[in-house]
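This report refers to the structure that appears directly beneath it.
The values are calculated or read from the model by the stated rules, or taken from the named source; none is laboratory data. Since we're looking at a predicted model, the values are computed, not measured. Please note: Cβ atoms are built from the backbone with ideal geometry, for glycine as well, and neighbour counts cover all protein chains shown. Just so you know, the surface numbers come from the protein's heavy atoms only, side chains and all, with ligands and any DNA or RNA stripped out. Shrake-Rupley method; radii C 1.70, N 1.55, O 1.52, S 1.80 Å.
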Amino acid sequence: MTALALALADWAHGLQPDQDDLTLASRSLADTVAVTLAARDHPVTALAAALPDGARWAVAGHVLDFDDLHMASTTHVSVVCVPTALATGGGARGYLAAAGVMARIGTALGWPHYSAGWHATCTAGALASAAGAGIGLGLTAGQIATALALAVPGAGGVQRAFGTDAKALQVGFAVDTGLRAAALAAAGAQADPSALDAWLSLVGGDPAAVDLTGPAVPGGLAVKIYPCCYALQRPISALADLGVDPADVRRIVVRTPEATVAPLIHHRPDTGLQAKFSLEYGVAAALLDGYPGFASFTDEAVRRPAARRLAGLLEVKTEPGGSWLLDGELHAEVHTGAGAVESSLRFPPGAPQRPPTAAQLQAKLTDCVPGTDPGSWTWDNAADVLARGLREDAPWRA
């Protein structure tokens with residue numbers, strides 16, 4: 001049996017993207033660069049200043065939790081693969097090779113890996129970054145396989161980091177792992193390609209589950225409408241437009257499969273980062289703010305008495321099972337003095353089954369980078385855009 005690293009390396013090296021693949025890559029570039037620039041003033045972005053460019057861009061791109069998601073693998077694909085491609089000059093093909101490897105390894109890891117507490121964006125991401133960097137550096141298929149094996153020791157990351165600085169930082173570490181692995185492979189380092197198969201089995205994955213057929217990124221990507229964990233996109237969307245007076249709310253009930261709330265580990269958040277992983281706060285923000293944007297996820301907003309009152313009214317009734325973040329259907333009830341208002345939702349806006357409209361995507365980009373033209377960003381100039389945009393004197397934030 002061919003080692004998985006060799007099979008993935010051959011696939012990545014031989015990838016010839018079609019127009020649909022390139023369209024997805026262009027959207028991912030704009031979305032990722034925008035959410036990265038939006039985090040210019042975030043303290044965690046400042047902490048990451050000493051990291052190499054690719055890793056630093058990944059940290060900034062992930063800290064607001066506004067970056068896209070591959071649903072089947074539960075991985076934030078573009079925040080790993082766009083910085084990797086930009087740091088190595090791999091362009092759209094380098095991005096798609098990395099994204100395809102990440103989606104496939106993440107899917108082979110499966111829901112049991114994620115639900116056990118691994119941060120699959122980091123575990124699959126370190127390997128994906130190695131593959132994408134290999135394309136950018138012009139490695140042979142054999143060298144890319146070596147890079148994949150060399151990245152195995154850095155393929156870690158856990159969900160207990162959610163709601164802390166470490167969540168975004170460990171994504172940066174994953175990118176740095178992949179970039180270093182590819183550089184070492186280019187310099188002649190050797191490794192056993194079967195190390196990837198061994199690692200995948202150790203962390204609960206199935207090497208035989210890797211499917212190299214289909215488009216570059218099977219299933220497409222989910223684009224976030226709200227700057228918080230993807231598990232909050234559906235409940236917020238279900239509650240945001242109910243039109244109830246928050247002050248009159250007496251009881252809130254949410255029914256959903258238990259898998260869909262797995263990453264929502266902060267039940268009494270006290271910071272903006274914790275609130276991004278809190279069902280209680282997400283529900284409160286949806287009712288209070290209508291559209292919970294950047295201002296909803298500050299420490300001050302989380303500590304609003306009205307938000308804490310509403311969060312305390314939530315009753316979560318989970319149904320056993322589930323195997324992904326959009327499993328089943330979410331049903332919400334908001335009880336007021338005038339009676340109950342109900343809402344049910346299967347797919348939130350931005351899901352692959354319900355792609356963002358041009359207006360929704362443009363509104364997101366405008367919120368992230370007001371006064372700029374994301375349409376001018378290309379794979380050739382986006383690295384310079386990030387380098388200039390993250391500077392203290394960036395004019396678009398003046």
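The dipole here belongs to the range 188-347: it is taken about the Cα centre, uses +1 on the Cβ of Lys and Arg and -1 on the Cβ of Asp and Glu, and is about 540 debye. Placing unit charges on the Cβ atoms of the charged side chains and taking the dipole of the range 276-398 about its Cα centre, the candidate lying farthest along the positive direction among Pro374, His331, Gly321 is His331. Protein heavy-atom accessible surface, 1.4 Å probe, per residue over the chain: 37 Å². Distances between placed amide hydrogens fall under 5 Å for Asp206 paired with Leu109, all partners being 5 or more residues away or on another chain.
Once both axes come from the Cα atoms, what is the angle between helix 120-136 and the longest principal axis of the chain, in degrees from 0 to 90, rounded to 10? Orientation of helix 120-136: about 40 degrees from the principal axis. Give the distance, in whole Å, between the Cα centre of the range 66-138 and the Cα centre of the range 291-360. Result: 27 Å between the Cα centres. The share of Cα pairs per 5 Å bin across the range 79-153, counted from zero up to the longest distance, runs 3, 20, 27, 24, 14, 7, 3, 0 percent. The simple spin-label model puts a point 7 Å past each Cα toward its Cβ; for Asp248 and Thr336 those points are separated by 0.4 nm. Estimated at 0.36 nm per residue, the fully extended path between His267 and Gln16 surpasses their Cα-Cα distance by 85.8 nm. In the chain, helical runs assigned H by DSSP with n ≥ 4 each contribute -39500 (n - 2.57); averaged across all residues and rounded to the nearest 500, the mean residue ellipticity at 222 nm is -15000 deg cm²/dmol. Rolling a 1.4 angstrom probe over the range 86-126 with all protein chains present gives an accessible area of which 57% lies on carbon and sulfur atoms.
Just the protein heavy atoms count here, and of the accessible area of the range 159-276 at 1.4 Å, carbon and sulfur take up 53 percent. In nm, what is the difference between 0.36 nm times the number of residues separating Ala358 and Ala387 and their Cα-Cα distance? Length gained, Ala358 through Ala387: 7.7 nm. Within the chain, the longest run free of trypsin sites (Lys or Arg not before Pro) that sit in a DSSP loop with at most 16 other Cβ atoms within 10 Å is 1-302. When the alpha carbon gyration tensor of the chain is reduced to an equivalent ellipsoid, its three semi-axes come out at 36, 23, 18 angstrom, largest first.
The alpha carbon radius of gyration of the range 238-368, expressed as a multiple of 2.2 N^0.38 Å, is 1.05.
Summing Cβ point charges (Lys, Arg +1; Asp, Glu -1) relative to the Cα centre of the chain gives a dipole of roughly 520 debye. Surface composition of the range 319-384: carbon plus sulfur atoms contribute 51% of the solvent-accessible area (1.4 Å probe, protein chains only, all chains present). Taking a ≥ b ≥ c as the square roots of the eigenvalues of the alpha-carbon gyration tensor, the range 292-351 is classed oblate because a/c is 1.5 or more while a/b is no larger than b/c. If you count Lys pairs in the chain whose Cα atoms are under 19 Å apart, skipping same-chain pairs closer than 8 places in sequence, the total is 5.
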